[in-house]
1. Just the residues that are under 15 Å from ALA200 (Cβ atoms) and either in contact with a Cys (Cβ under 6 Å, 6 or more places away or on another chain) or aliphatic (A, V, I, L, M) (or both), please, taken from the range 127-140.
2. Here are some residues: VAL218, VAL178, VAL214. Which one is over 24 Å from LEU122 (Cβ atoms) and touching an Asp or Glu at 6+ places or on another chain (Cβ under 6 Å)?
3. So which residues in the range 191-200 are in a helix (DSSP H, G or I) and either touching a residue at least 40 places away in the same chain (Cβ under 8 Å) or under 16 Å from PHE169 (Cα atoms) (or both)?
4. If ARG173 passes every condition in (1) farther than 25 Å from THR215 by Cα; (2) of a type outside the set (Asp, Glu); (3) exposed (fewer than 13 other Cβ atoms within 10 Å of the Cβ) but one, which one does it miss?
5. Within the group VAL123, VAL145, VAL162, which residue is among the hydrophobic types (A, V, I, L, M, F, W, C), at negative phi and buried (at least 16 other Cβ atoms within 10 Å of the Cβ)?
6. Among the hydrophobic types (A, V, I, L, M, F, W, C), surrounded by fewer than 23 Cβ atoms within 10 Å (Cβ to Cβ) and either within 21 Å of GLY53 (Cβ to Cβ) or in contact (Cβ under 8 Å) with a residue 24 or more places away in the chain (or both), is that true of LEU204?
7. Consider VAL124 carefully, then state whether it is at pLDDT below 90 and closer than 17 Å to VAL203 by Cα.
8. Would you be able to tell me the number of residues in the range 135-160 that are within 15 Å of MET52 (Cα to Cα) and of a type in the set (D, E, K, R)?
Amino acid sequence: MAGPIAEVRKFLTATLFAPVPDEVRRPAPTPSALRRRRIVVTVTLLIGAVTMGLALRIEPGDPAFYGATLGLALVWVVGAVVSGPLHLGRSVTRSGGRDGRSVVQSLALAALLLAIFLLGALVVAQVDWLRENVQQLLDHVRFGVLPLVLAITVVNGIAEEVFFRGALFSAIRSHHAVLLTTALYTLSTVGTGVPLLVFAAAVLGLVTGLQRQVTGGVLGPVITHIVWSSGMLLLLPLVLPR
């Protein structure tokens, strides 16, 4: 029987590093379709980055925050849909199957990622300026309507993955797509002025980018993102109380 470390290694390999066969993937787009996608995602990326920066600078408790963040989700979704077709993707299972939908894998990966971040929050709690930085972000939860904030978090998670790991990833068409989409996703959060949010975006972007690379679609990244972000929203205030 394989030990726990071997099991984790097999899980991570299947989830992040074992791509589905080429015959399961969609055919490459035509040059004109690819050109259109690249133009659309470039414009969307610029609009979205500005919108995100403005949304997260709104004072906690201000109703305008809800409209701004929903507007941000709309920017990502419209840009993704207009850019061209998107696909759910397939995954390789631990047993070697090559026709899964990566639902269970993504749930487990999100739980693992959430646990790592919550442990990291215990370290952040010991550093005053980092702790205060996160507290300002969490004030949107404390002074807002939790069910509404949670719903917006889920909607934005879906929208971000559909755009960054869907439209943008497809537009790059390069062996460096994971790194490039991660970098652009991270840069889009710089305007928020929250260093730890930028760091979280880099880690999440890398993980979901690897998922997108091996599955050829957005379903896995979407599940991982919304489970992780919802978990952070609900549990981080408990780990870092005011």
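The values are calculated or read from the model by the stated rules, or taken from the named source; none is laboratory data. What you are looking at is a predicted structure, and each value in this text was computed from that prediction instead of being measured. As a convention, Cβ positions derive from the backbone with ideal geometry for all residues, glycine included, and neighbour counts pool all protein chains shown.
1. Listed by number, the residues that qualify are LEU130, VAL134, LEU137, LEU138.
2. Selected residue: VAL218, the only one of VAL218, VAL178, VAL214 that is over 24 Å from LEU122 (Cβ atoms) and touching an Asp or Glu at 6+ places or on another chain (Cβ under 6 Å).
3. Matches in the range 191-200: GLY191, THR192, PRO195, LEU196, LEU197, ALA200.
4. It is condition (1) that ARG173 fails.
5. Sole residue among the options that is among the hydrophobic types (A, V, I, L, M, F, W, C), at negative phi and buried (at least 16 other Cβ atoms within 10 Å of the Cβ): VAL162.
6. No.
7. yes
8. Of the residues in the range 135-160, 1 are within 15 Å of MET52 (Cα to Cα) and of a type in the set (D, E, K, R).
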